[in-house]
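Here the structure comes first, spelled out in structure tokens, and everything after it is commentary.
Nothing in this text is a laboratory measurement; each read-out follows from the coordinates by a stated rule. Just so we're clear, the structure is a prediction, and the values are computed from it rather than from any experiment. A quick note on method: Cβ atoms are made from the backbone with ideal geometry, for glycine too, and the neighbour counts reach across all protein chains shown.
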């Protein structure tokens with residue numbers, strides 16, 4: 001399996017979305033691809049900096065870009081599903097905090113080296129109701145590209161990604177909802193919170209808790 005595909009699968013299974021660079025010169029506030037382009041500029045910088053740059057420093061640089069590209073609260077609620085409304089407000093708040101940190105840590109851990117990849121937004125996008133699906137691909141230095149589609153939704157804060165489709169069919173939210181189900185079986189978010197905290201610590205090599 002290529003490094004690029006391992007990154008994609010790791011990102012999808014790790015609770016994050018893989019953005020792809022493109023159209024940055026033309027992006028405007030009304031362009032659904034603009035937040036993805038901004039994130040990818042940061043990702044390329046982080047990849048080129050690599051592990052020589054401390055994990056917390058890369059985390060701090062990418063965190064605002066991740067939150068600017070994705071509807072993190074909406075993704076979390078969709079991943080938790082109907083159980084979300086039954087969680088106490090204090091647990092909702094704590095779960096959102098650890099989920100956000102885990103999401104950023106996943107990006108930092110998965111994009112820690114540069115091997116000549118090209119990240120491209122394809123020319124065509126399509127509307128699905130009020131959403132826009134932005135088609136992208138990651139092109140390795142050798143081998144075939146991998147297709148990634150981003151479901152972008154206009155929110156009060158602007159366009160944000162609410163789901164990602166790997167190879168046009170694997171929904172990141174659906175995968176994550178399946179992963180979360182067993183940890184929420186008791187109707188309490190404690191086990192999920194602890195799981196995300198452990199994963200964040202592992203991803204950061206103990207630098208983030």
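Measuring nothing but how far apart in sequence close Cα pairs (under 8 Å, 6+ apart) lie, relative to its length, the chain scores a relative contact order of 26 percent.
Exposure proxy shown here: for 199, 118, the number of other Cβ atoms within 10 Å sets the order, fewest to most, as 118, 199.
Cβ-Cβ distance of residue 124 and residue 94, R₀ of 25 Å, FRET efficiency by 1/(1 + (r/R0)^6): the value works out to about 0.05. If R0 is 25 Å, the Cβ-Cβ spacing of residue 53 and residue 115 corresponds to a FRET efficiency of close to 0.90.
Assuming 0.36 nm per residue, please report the length gained on full extension of the stretch residue 169 to residue 83 beyond their Cα-Cα distance.
Numbers: separation 86, 0.36 × 86 = 30.96 nm, distance 2.52 nm.
The residue 169-residue 83 span can extend by a further 28.4 nm.
Suppose only helical runs count, i.e. DSSP H with n ≥ 4. What mean residue ellipticity at 222 nm does that imply for the chain under -39500 (n - 2.57) per run, divided by all residues and rounded to the nearest 500 deg cm²/dmol? -15000 deg cm²/dmol, from helical runs alone.
You can think of it this way: the chain between residue 188 and residue 45 has 47.6 nm of extra reach, that is 0.36 nm per residue less the Cα-Cα gap. Counting beta carbons within 10 Å around each of 208, 152 and listing the fewest first gives the order 208, 152. Between residue 201 and residue 178, how high is the FRET efficiency from 1/(1 + (r/R0)^6) when r is the Cβ-Cβ distance and R₀ = 30 Å? Nearest 0.05. My answer for the efficiency is 0.80. Our summary gives region 151-205 a relative contact order of 16 percent, counting only alpha carbon pairs under 8 angstrom and 6 or more residues apart. Need one word for region 60-182: rounded, prolate or oblate. Basis is the Cα gyration tensor (sqrt eigenvalues a ≥ b ≥ c); a/c below 1.5 gives rounded, then a/b vs b/c decides. It comes out prolate by the Cα gyration axes.
For the chain, the extents of the C-alpha atoms along the principal axes are 45, 44, 31 Å, listed from largest to smallest.
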